[in-house]
Amino acid sequence: TNTLEGKNGGQLIISTSGSGNAGKLTINANQNIIFDGESPTQFDFNRGAFANSGGYNIVQSGALGSTEGIEINTTTLEILKNAQIASNTEGKGDAGQVKINANEITLDGEGSQGDRRSFIGIANEVNLSGEGSAQGIEINTTTLEILNGSKISSVTRNIGDAGNITITAEIVKLD
């Protein structure tokens with residue numbers, strides 16, 4: 001595709017909730033990918049917040065399996081206002097690597113709704129109920145902007161290892 005837009009809680013999700021792996025989420029867009037905002041009507045009772053726009057690869061709580069990660073190839077990637085790209089495990093298994101190849105990447109939390117627990121950005125995580133390793137984040141770009149409280153994060157909140165974050169860029173702006 002040339003352009004992919006996920007707005008107002010629009011999501012691409014691959015997950016496993018039983019025994020078995022979640023496949024790889026691959027997005028190829030010739031021009032741009034935009035994930036922007038949260039749903040004004042879709043409430044996520046597990047998080048106690050409205051659903052964030054984005055791309056997700058998840059091992060659900062109680063599941064046994066790993067995610068095969070996320071790969072994004074595009075010219076321009078924008079992750080805005082509570083949107084996320086995330087490969088996480090809440091069950092038993094590894095959170096696969098997040099790999100992004102783009103000429104320009106902008107993560108911008110300006111105008112975000114909700115409380116400070118909201119995450120805007122790129123994540124690879126083993127959550128509180130999870131057991132496994134985060135396989136890390138690799139970003140290849142010319143320009144990377146991380147603005148207004150947005151983040152790039154690889155963490156383990158329970159049993160397992162956090163992955164590396166590798167950024168290859170000519171220009172990085174943190175503001």
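Coordinate-derived values only; no laboratory data. Not measured: the values here are computed from a predicted model. Heads up, the Cβs are rebuilt from the backbone with ideal geometry, glycines too, and the neighbour counts pull from every protein chain shown.
Can you tell which of ILE85, ILE13, ILE122 shows the greatest fluctuation in a Gaussian network model of the chain with Cα springs below 10 Å?
Top of the fluctuation ranking is ILE13.
Kindly provide the pair-distance distribution of the chain built from C-alpha pairs, with 5 Å bins from 0 and whole-percent values in order of increasing distance.
Taking all Cα pairs of the chain, the binned fractions are 2, 10, 17, 23, 22, 16, 8, 2, 0 percent.
I need the calculated FRET efficiency for the pair ILE165 and LEU12, taking r as the beta carbon distance and R₀ as 25 Å, to the nearest 0.05.
0.65
Where a Cα-Cα gap under 23 Å defines reach, which lysines qualify for LYS92, not counting those fewer than 8 residues away within the same chain?
Once the sequence-local lysines are set aside, what remains near LYS92 is LYS24.
Please check the chain for the longest run free of GluC sites (Glu not before Pro) that are loop-located per DSSP (anything but H, G, I, E, B) and have at most 16 other Cβ atoms within 10 Å.
Excluding the exposed sites themselves, the longest stretch runs over 1-109.
Using every Cα-Cα pair within the stretch 83-175, state what percent have a distance larger than 18 Å. Walk me through the numbers on the way to the answer.
Working: 1976 of 4278 pairs.
Looking at the stretch 83-175, the distances longer than 18 Å represent 46 percent of pairs.
For the stretch 71-169, run through the trypsin sites (Lys or Arg not before Pro) and keep only the ones in DSSP coil with at most 10 other Cβ atoms within 10 Å of their Cβ.
ARG116, ARG117
Per 0.36 nm of contour for each residue apart, how much would the distance between ARG157 and LEU174 grow if the chain were fully extended, relative to their Cα-Cα spacing?
Length gained, ARG157 through LEU174: 3.6 nm.
Under a point spin-label approximation (7 Å from Cα along Cα-to-Cβ), what is the ASN28-THR1 distance to one decimal in nm?
That separation, rounded to one decimal, is 1.5 nm.
Can you compute the modelled spin-label distance between GLU104 and LEU147, with each label point 7 Å from Cα toward Cβ, in nm?
Between GLU104 and LEU147, the label points sit 1.0 nm apart.
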